[in-house]
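The values are calculated or read from the model by the stated rules, or taken from the named source; none is laboratory data. Bear in mind that the values here come from a model prediction, so they are computed numbers and not experimental data. Reconstructed Cβ throughout: ideal geometry from the backbone, glycine too, with neighbour counts over all protein chains shown. When the accessible area is computed, the model is the full protein with side chains, heavy atoms only, and any ligands, DNA or RNA have been set aside. Shrake-Rupley method; radii C 1.70, N 1.55, O 1.52, S 1.80 Å.
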Amino acid sequence: MSNLRNCRNIGISAHIDSGKTTLSERILFYTGRTHKLGEVHDGGATMDHMELEQERGITIASATTRVHWHDTAINLIDTPGHVDFTVEVERSLRVLDGAVLVLCSVGGVQAQSLTIDRQMKRYDIPRLAFINKMDRTGANPRRVVQQLCDKLDCDAVLMQIPIGAEQDFRGVVDLITGKAIYFEGDQGVKVRYDEVPAELVSEFEESRKAMLESLSMYSDELMELLLEERDVPEEMIHKVIKNATLSRQMTPVFMGTAYRNKGIQPLLDAIARYLPSPAEREAYAFKTDRETGEEQKFELLPDDSSPLVAMAFKIVEDPYGTLTFMRIYQGKLVKGASYYNQHTGKKERISRVFRMHADQRVELDEAGAGDIVAVIGVDCSSGETFCETPNYCTLESIFVPEPVVQVAIKPLETRDADRLGKALYRFRKEDPTLTVKTDVESGETLIAGMGELHLDVYVERIRREYKVQVETSAPKVNYREAPTETIEFDTKHKKQSGGSGQFAHIRGIMSPIPEGEEAKDDFLFEEQITGGVIPSNYIPAIEKGYRASLEKGPVAGCPVVNLKIVVNDGSYHTVDSSDLAFRICAQTSLRENFPRTKPAILEPIMKIEIECPENFQGSVVGDLSSRRGIITATETSGLSCRLVGEVPLAETFGYASDLRGMTQGQGVFSMEFLKYKRVPAGLQEEIIRERSGLERK
C-alpha cells in the first residue's frame, strides 16, 4: 500500500491544438523516459506513433506510458482532442484517478474543453489545469481562469503568475513558495529558483492574497490564520490544495509553454503532490444478490491480496496479437493465470502481461492493484470486467455516444470482401463508437461514426493496414422518426392456411413519451391488460415485436425514437395464438399505425465553434445562416473572433474547405453533437422521398 501511494494514473486532455501531445513529450523527456524531445509538427512525437497521426499532426488513439518523477510512478495516457475520437477520452477517463486539463493561453475554454469537462464530472475525476502556449501573442492567463470559473462552473485558482508576457515569457512565480522559477538551457532542463522580480512584487502579493482567500473557503484553520494576519505555513497550503482538489471542489491552475520547454517541472511536482493515488480514490463495483435479485454496491480495496477485479477499457490489434488494456482496481493480475469475464462468463487465460510505452512494451510477470497494463490472450469488448470467480461483480461500464454520420462501404474487388470484413470486425471491437451493419434491402455494408474525420481515418486504415481498396458513398446523416400525436390502435393478425393457424389481437395507445416520464431508452412499453384477455406469457413477445420494428421506421426507414406504447386490450385463440403470432401482430401494428401519429423527422444538430480573423466575421456568419445555422455567442480578442453556434449536421459536409476559402486559409472550426431537432416541414418531405427511393421533384 505504501508503494501504491506513490503511484498516479493520470490523463492529458484538451481541445484540439492546445498542445497535449507536446506536453506529454516534455513530460517523457524531463522524467528521463526519452532522451530526445519529440515534436508533433515534424512527425517525431513518441506518443503519436501511428503513421496517420504523424502525417496529420493529430492524436487519433490514446497512448499509454509510465514515467517516474522523483519517487512517484506516473501512468500517463495522452488522449485525442478531436471530438470525432471522443470515445478515446471517455474510456481513458473511466479508468484514471486524475487528469490534467490543458488550455491554450489565447483560445481558453473551447468547445471540446466543455465536452472533456462533462466527461471528467461524469467519472468524478480530480484535475489540475495547465495553461499552455504562454509565449503566444495574446496570451492572457487571467482571462482563461475566469473562463474556467464561468464556463466550467469550477473554482479555478492560480498557483503561479507569469514572468514576462507573450514572446518575453521567461518563467513563473510560485505563489505558494514566493520564488521565481526560471527554465534554463536549450531544453529547459535546469530549473533555477530566484527572488521575485522587483516589478512583480506587488502583483505577487495581490495574487498570493487572492489565492489564500480562495483556499480559506476549504479550511477553517487557514481562515483563522488569515483573520489574525499570521503567516500560513507552506505545508498547510499544500494540504488544503490537495484536499480541495481530491474533493473536486477546486482546480489548481499552472502555466507554461510546452513547446518552449517552460513550466513542465512544476506541473510534474503538482501532479505528484495534489492528484490522488489509487489508494486515495474510492472505486465501487456492483454485485447482484442471488436471493433478492437486487444490485448491491460495494467498495473495492486497492490491495494485492484481495480477489482480482480489473476492467478491460481498450482493445488494440497489432502484428503480434490482440492487446487488451486493463486497469486493475483490486488484487493481482498474474501471467499465465485464468480469469472470468463477468459479462460472458467465459474463462480467459492471460498469456502475457506488458507495461506499455506508446507502441513499445516491457513484459511483466504480474501487475498489482492500481496499475494500468496491457495483456495478450483475452477475447472481450471494451468496458468488460474480469474477476477470479464467475458472477463476482461488475464495474460501471463506459458511456458510449451515438454515432451521427453514416457511409456505405464496399471493396473495389470482390476477392477483398473477406479482408474488409476482418478489418471492420477488428475496428468495431477497438472502437465502440464505430458501428457496422448491413442494409437488409440493398445488401450494402454501412459504417457509422462520430464525424467525417472519424470515418475517413478508418477508411484510410483499411487501405493501409489491410491493403484493401474500397469505395464509399457520400456521408449520410442518421435521421430519426418520432411521433407527434397520440392515437388509439386496434390490430388483428389472422392467418389460416391448413394445419394450425396464427391469431393475435392487440389494442392500445401509441404516443410520444411524455416529458418527465423516465425511459431506459427511446422506447417505453406498458401493458395494462385486465381480465386476462391476453395471457401474460404473450406480453414479452408483443414488446419484442415492437422493439424489432424500431430500427427501421415505416415513414422514412429511420430509427424510431421517443415512442410510448400502452397495450390495454385484445384477444387470443386457445389453439392458434403463439409468441410468433403476437410478435408479428406488434410489428404490423407499428407499420400500419405509426404514420397516423404524424411523425416528425429529427436531425442531429451540432454545436460548432469557429475561430477566424475579425474582418471575415460577416462572411462566416452569412455562410452559417445559409446552412440553417444560428450564432449563439461571439467573442472578439484582438484581431481574431470566436463564433459559437448550432448547425444541422447535414449542412456541414465539406465545411472545412469552404471555411478555409472564405477566410484565406486562416479559419478553423470544431464541432460536437448537441441534440436532435425537428427538421423544417419542406425538408421533411424531401428526406422522406429520398429515403423511400422516390424521385426528387
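Could you say whether any residue in segment 412-426 is open to solvent by 50 Å² or more (accessible area, probe 1.4 Å), under 30 Å from Lys607 (Cβ atoms) and either free of Cβ contacts under 8 Å to residues at least 12 places away in the same chain or in contact with a strand residue (DSSP E or B) (Cβ under 7 Å, 6 or more places away or on another chain) (or both)? The answer is no, given that none of the residues of segment 412-426 is open to solvent by 50 Å² or more (accessible area, probe 1.4 Å), under 30 Å from Lys607 (Cβ atoms) and either free of Cβ contacts under 8 Å to residues at least 12 places away in the same chain or in contact with a strand residue (DSSP E or B) (Cβ under 7 Å, 6 or more places away or on another chain) (or both). Any residue in segment 511-524 that is among the polar types (S, T, N, Q) and open to solvent by less than 40 Å² (accessible area, probe 1.4 Å)? Yes, segment 511-524 has at least one match.
Just wondering, is there one or more residues in segment 387-401 that are more than 24 Å from Glu282 (Cβ to Cβ) and acidic (Asp, Glu)? Scanning segment 387-401 turns up no residue that is more than 24 Å from Glu282 (Cβ to Cβ) and acidic (Asp, Glu).
Listed by first and then second residue, the pairs linking a residue in segment 62-73 that is open to solvent by 10 Å² or more (accessible area, probe 1.4 Å) to a residue that is of a type in the set (Gly, Ala, Ser) and part of a loop (DSSP other than H, G, I, E, B), with Cβ atoms under 8 Å apart and 6 or more places separating them unless they lie on different chains, are Thr64/Ala358; His68/Gly32.
Number of residues in segment 401-411 that are in a loop (DSSP other than H, G, I, E, B) and surrounded by 16 or more Cβ atoms within 10 Å (Cβ to Cβ): the value is 2. Residues of segment 336-362 that are touching an Asp or Glu at 6+ places or on another chain (Cβ under 8 Å) and without any contact (Cβ under 8 Å) to a residue 40 or more places away in the chain: Ser338, Lys346, Glu348, Arg352, Val353, Phe354. Cβ-Cβ contacts under 7 Å between residues 6 or more apart (or on different chains), taken from a first residue in segment 463-482 that is over 22 Å from Pro648 (Cα atoms) and among the basic types (Lys, Arg) to a second residue that is at pLDDT 85 or above and part of a loop (DSSP other than H, G, I, E, B), are listed as Arg463/Gln469.
Taking (1) within 30 Å of Gly661 (Cα to Cα); (2) of a type in the set (Ser, Thr, Tyr); (3) over 38 Å from the mean Cα position of the chain (by Cα) in turn, Tyr572 satisfies each apart from (1).
Among the criteria (1) among the β-branched types (Val, Ile, Thr); (2) touching a Gly at 6+ places or on another chain (Cβ under 9 Å); (3) open to solvent by 20 Å² or more (accessible area, probe 1.4 Å), the one Thr394 does not fulfil is (2). For segment 448-565, which fully contained strands (runs of 3 or more DSSP E) count at least 3 residues that are farther than 22 Å from Leu602 by Cα? Correct list: 470-472, 487-495, 502-512. Look at segment 182-194: where a residue is assigned to a strand (DSSP E or B) and a partner is open to solvent by less than 90 Å² (accessible area, probe 1.4 Å) and aromatic (Phe, Trp, Tyr), sitting 6+ places away or on another chain with Cβ atoms under 9 Å, you get Lys190/Tyr182; Lys190/Phe183; Val191/Tyr182; Val191/Phe183; Arg192/Tyr182; Arg192/Phe183; Tyr193/Tyr182; Asp194/Tyr182. All conditions but one from (1) touching a helix residue (DSSP H, G or I) at 6+ places or on another chain (Cβ under 6 Å); (2) at pLDDT 90 or above; (3) farther than 30 Å from Ser500 by Cβ apply to Phe582; the one that does not is (3).
Among the residues of segment 363-376, is there at least one that is open to solvent by 20 Å² or more (accessible area, probe 1.4 Å), free of Cβ contacts under 8 Å to residues at least 40 places away in the same chain and more than 27 Å from Pro307 (Cα to Cα)? No - not one qualifying residue is present in segment 363-376.
Do you know which residues across segment 119-147 are of a type in the set (Ser, Thr, Tyr) and open to solvent by 40 Å² or more (accessible area, probe 1.4 Å)?
The first filter runs over segment 119-147 and keeps only residues of a type in the set (Ser, Thr, Tyr), leaving 123, 137.
Residue satisfying the conditions is Thr137 alone.
Could you please give the count of residues in segment 492-510 that are of a type in the set (Lys, Arg) and either in contact with a Lys or Arg (Cβ under 8 Å, 6 or more places away or on another chain) or open to solvent by less than 60 Å² (accessible area, probe 1.4 Å) (or both)?
Initial filter on segment 492-510 (of a type in the set (Lys, Arg)): 492, 494-495, 507.
This time we only want the ones that are either in contact with a Lys or Arg (Cβ under 8 Å, 6 or more places away or on another chain) or open to solvent by less than 60 Å² (accessible area, probe 1.4 Å) (or both), so: none.
Residues in segment 492-510 being of a type in the set (Lys, Arg) and either in contact with a Lys or Arg (Cβ under 8 Å, 6 or more places away or on another chain) or open to solvent by less than 60 Å² (accessible area, probe 1.4 Å) (or both): 0 in total.
Looking only at residues of segment 302-335 that are touching a residue at least 60 places away in the same chain (Cβ under 8 Å) and within 18 Å of Asn391 (Cα to Cα), we find that the one that is most open to solvent (accessible area, probe 1.4 Å) is Pro307.
In segment 111-120 there is no residue that is in a strand (DSSP E or B) and hydrophobic (A, V, I, L, M, F, W, C). Can you spot a residue in segment 552-563 that is buried (at least 16 other Cβ atoms within 10 Å of the Cβ), at pLDDT below 90, over 25 Å from Thr438 (Cα atoms) and hydrophobic (A, V, I, L, M, F, W, C)? No: segment 552-563 contains no residue that is buried (at least 16 other Cβ atoms within 10 Å of the Cβ), at pLDDT below 90, over 25 Å from Thr438 (Cα atoms) and hydrophobic (A, V, I, L, M, F, W, C). Residues in segment 183-193 include none that are under 19 Å from Leu101 (Cα atoms) and open to solvent by less than 40 Å² (accessible area, probe 1.4 Å). If you scan segment 377-388, which residues turn out to be over 30 Å from Glu444 (Cα atoms) and either open to solvent by less than 70 Å² (accessible area, probe 1.4 Å) or touching a Cys at 6+ places or on another chain (Cβ under 6 Å) (or both)? Result: Gly377, Val378, Glu384, Thr385, Phe386, Cys387. Against the criterion of being buried (at least 19 other Cβ atoms within 10 Å of the Cβ) and either of a type in the set (Asp, Glu) or in a loop (DSSP other than H, G, I, E, B) (or both), Asp150 does not qualify. Among the residues of segment 84-111, the ones that are closer than 24 Å to Gln146 by Cα and either open to solvent by 10 Å² or more (accessible area, probe 1.4 Å) or among the charged types (D, E, K, R) (or both) come to 2 in all. Where helices (runs of 4 or more DSSP H) fall entirely within segment 208-300, those with at least 3 residues that are open to solvent by less than 20 Å² (accessible area, probe 1.4 Å) and on the phi < 0 side of the Ramachandran plot are at 234-246, 264-274.
Taking the condition modelled with pLDDT of 90 or more and within 28 Å of the chain's Cα centre (by Cα), does Ser338 pass? Quick ask: steps written out before the conclusion?
Numbers: modelled with pLDDT of 90 or more: yes; within 28 Å of the chain's Cα centre (by Cα): no.
Taking the combined requirement at face value, the residue does not satisfy it.
For Gly108, indicate whether it is touching a helix residue (DSSP H, G or I) at 6+ places or on another chain (Cβ under 7 Å), modelled with pLDDT of 80 or more and not polar (S, T, N, Q).
Details: touching a helix residue (DSSP H, G or I) at 6+ places or on another chain (Cβ under 7 Å): yes; modelled with pLDDT of 80 or more: yes; not polar (S, T, N, Q): yes.
The answer is yes for Gly108.
Listed by first and then second residue, the pairs with beta-carbon distance under 6 Å, at least 6 apart or on different chains, first residue in segment 135-152 and in contact (Cβ under 8 Å) with a residue 60 or more places away in the chain, second of a type in the set (Lys, Arg), are Asp135/Arg260. Once segment 444-491 is narrowed to residues that are open to solvent by 50 Å² or more (accessible area, probe 1.4 Å) and among the β-branched types (Val, Ile, Thr), the residue that is farthest from Glu685 (Cα to Cα) is Thr472. Gly545: open to solvent by 50 Å² or more (accessible area, probe 1.4 Å), closer than 30 Å to Met450 by Cα and of a type in the set (Gly, Ala, Ser), yes or no? Against the criterion (open to solvent by 50 Å² or more (accessible area, probe 1.4 Å), closer than 30 Å to Met450 by Cα and of a type in the set (Gly, Ala, Ser)), Gly545 does not qualify.
Here Gly618 meets the list (1) touching a residue at least 24 places away in the same chain (Cβ under 8 Å); (2) more than 27 Å from Val404 (Cβ to Cβ); (3) not charged (D, E, K, R) almost entirely, failing just condition (1).
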